[in-house]
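The values are calculated or read from the model by the stated rules, or taken from the named source; none is laboratory data. All of these numbers come straight from a predicted model, not from anything done at the bench. When we count neighbours, we look across all protein chains shown, and the Cβ atoms used for this are built from the backbone with ideal geometry, even at glycine. Heads up: the accessible areas ignore ligands, DNA and RNA and are worked out on the full protein's heavy atoms, side chains in. Shrake-Rupley method; radii C 1.70, N 1.55, O 1.52, S 1.80 Å.
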Amino acid sequence: MRNPHPLAPVCGALALSAALLAPAVQAASPDTPATAATCEVDRPIRFSGLNWESNLVLAGIERYVLEHGYGCKTTVEIGETLPMLAALQRGDVDVTPEVWPGQIEGAWKKALASGKVLGVGHVYDAGEGWYVPRYTVERHPDLKAASDLARYKKVFTDPEDPGRGRIYGCPAGWACGTLNDNLLRALKLDKDYSLFAPGSGAAQKAAIVSAYKRKRDIVFYYWTPTSLVGALDLVKLDLPAFNQTAYTCMTDPKCADPVATEFKPNPVVTGVNAAFAKDAPKITEFLGKLTVPDDAINATLGWLENEGKEPEDAARYFLKQYGPVWRQWMPADAADRVQAALARE
């Protein structure tokens, strides 16, 4: 979810920093040099604040660049995946830094077909899966595939219903909930397991880390890129080879007869409101060029995890550490302004 889509310290909706939500810093001032940029739009650029760490870090990176390199103001609107996709179509937000088309396949296709939304660039490749700690596999070496869970419900006992096992799924309200619900039914595990939806990404991560530290057996959904998957020694349970037809049904809440399939590899793109893209072609060009190497996003999210900082801090960490990466996204004069702003901090 390398590391998505969660999840911190997970800095979900409850952990959005005050700095991230604060009014954007004006790029212009009485002392601003003559080479300062003038933003293409005369209002704040509105970003989707989806509540997982990589999206928030990307939002922080993009906001910093636009404020200091392009002379813009920015704001963040907090929301979940599908409501914020609808907001992107309406023009209530202008940019969603991290869209996983494969996870919301039907909704994303409809959004593109409406002509009101564009998917630009290739931010990175993300993935999803069901994981267990390696120590669990060492205790139960025959546990290799998700379908094997049928034999291990007593290993993963649901504390609220001891006759069933528990799989920790998506936080409540996340789009991946539909995928996990359908996968549970496709594997015929719904009679033996409860799919538990934590209240937030932070709660999900806390449950996983708590179990891991105590060497307790736990099975859970997670994604990459995330610092958690990189920090813990985990094993991804096997699923049947990817099948597009089966996957399309799995993304549908009304899928009548789901068939198990591997999660779809997700080339992550940037979502942009089409009207905004027309008004701001230079900004859209920047967003289209934005791509982050695996090692860079992994290291940045790892720094966020180890230092206990906020997404905005991680954004600055990335910008200070990976100049050769981000300078390729924009004209030299914009990059120079960003570099100058970083040097003043």
Going through (1) open to solvent by 50 Å² or more (accessible area, probe 1.4 Å); (2) touching a His at 6+ places or on another chain (Cβ under 8 Å) one by one, K188 fails only at (2)
Looking across region 284-309 at residues that are open to solvent by 50 Å² or more (accessible area, probe 1.4 Å) and modelled with pLDDT of 95 or more, the single one that is farthest from Q321 (Cα to Cα) is E285
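When the residues of region 274-283 are filtered to those that are out of contact with any Ser or Thr (no Cβ under 9 Å at 6 or more places or on another chain) and either over 19 Å from W329 (Cα atoms) or in a helix (DSSP H, G or I) (or both), which remaining residue is most open to solvent (accessible area, probe 1.4 Å)?
We begin by selecting, within region 274-283, every residue out of contact with any Ser or Thr (no Cβ under 9 Å at 6 or more places or on another chain); these are 275, 279-283.
Among the residues that remain, those that are also either over 19 Å from W329 (Cα atoms) or in a helix (DSSP H, G or I) (or both) are: 275, 279, 281-283.
Details: A275: 62, D279: 98, P281: 76, K282: 133, I283: 2 Å².
Taking the candidates together, the pick is K282.
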| In region 74-81, is there at least one residue being at pLDDT 95 or above, closer than 22 Å to A335 by Cα and of a type in the set (S, T, N, Q)? | yes
If we ask which residues in region 224-237 are modelled with pLDDT of 95 or more and open to solvent by less than 40 Å² (accessible area, probe 1.4 Å), their number turns out to be 2
Reported set for region 67-83 where residues are buried (at least 20 other Cβ atoms within 10 Å of the Cβ) and in contact with a Gly (Cβ under 8 Å, 6 or more places away or on another chain) is V76, G79
Those residues of region 247-260 that are over 13 Å from N180 (Cβ atoms) and of a type in the set (V, I, T) come to a total of 2
Residue hits (region 310-345; of a type in the set (A, V, I, L, M, F, W, C), part of a helix (DSSP H, G or I) and surrounded by 20 or more Cβ atoms within 10 Å (Cβ to Cβ)) are A314, A315, F318, L319, W326, W329, A334, V338
Selection over region 84-125 where residues are open to solvent by less than 10 Å² (accessible area, probe 1.4 Å) and in contact with a Pro (Cβ under 6 Å, 6 or more places away or on another chain) yields a count of 0
Quick check: is even one residue across region 176-189 under 30 Å from W326 (Cβ atoms) and either out of contact with any helix residue (DSSP H, G or I) (no Cβ under 8 Å at 6 or more places or on another chain) or not hydroxyl-bearing (S, T, Y) (or both)? yes
Per the filter on region 51-66, residues surrounded by fewer than 24 Cβ atoms within 10 Å (Cβ to Cβ) and among the aromatic types (F, W, Y) are Y64
Residue hits (region 243-259; in contact with a helix residue (DSSP H, G or I) (Cβ under 7 Å, 6 or more places away or on another chain), in a loop (DSSP other than H, G, I, E, B) and open to solvent by 20 Å² or more (accessible area, probe 1.4 Å)) are T251, D252, P253, V259
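Test Y221 against the stated conditions and say whether it is hydroxyl-bearing (S, T, Y), within 25 Å of L50 (Cα to Cα) and open to solvent by 20 Å² or more (accessible area, probe 1.4 Å).
Working: hydroxyl-bearing (S, T, Y): yes; within 25 Å of L50 (Cα to Cα): yes; open to solvent by 20 Å² or more (accessible area, probe 1.4 Å): no.
So Y221 fails the test.
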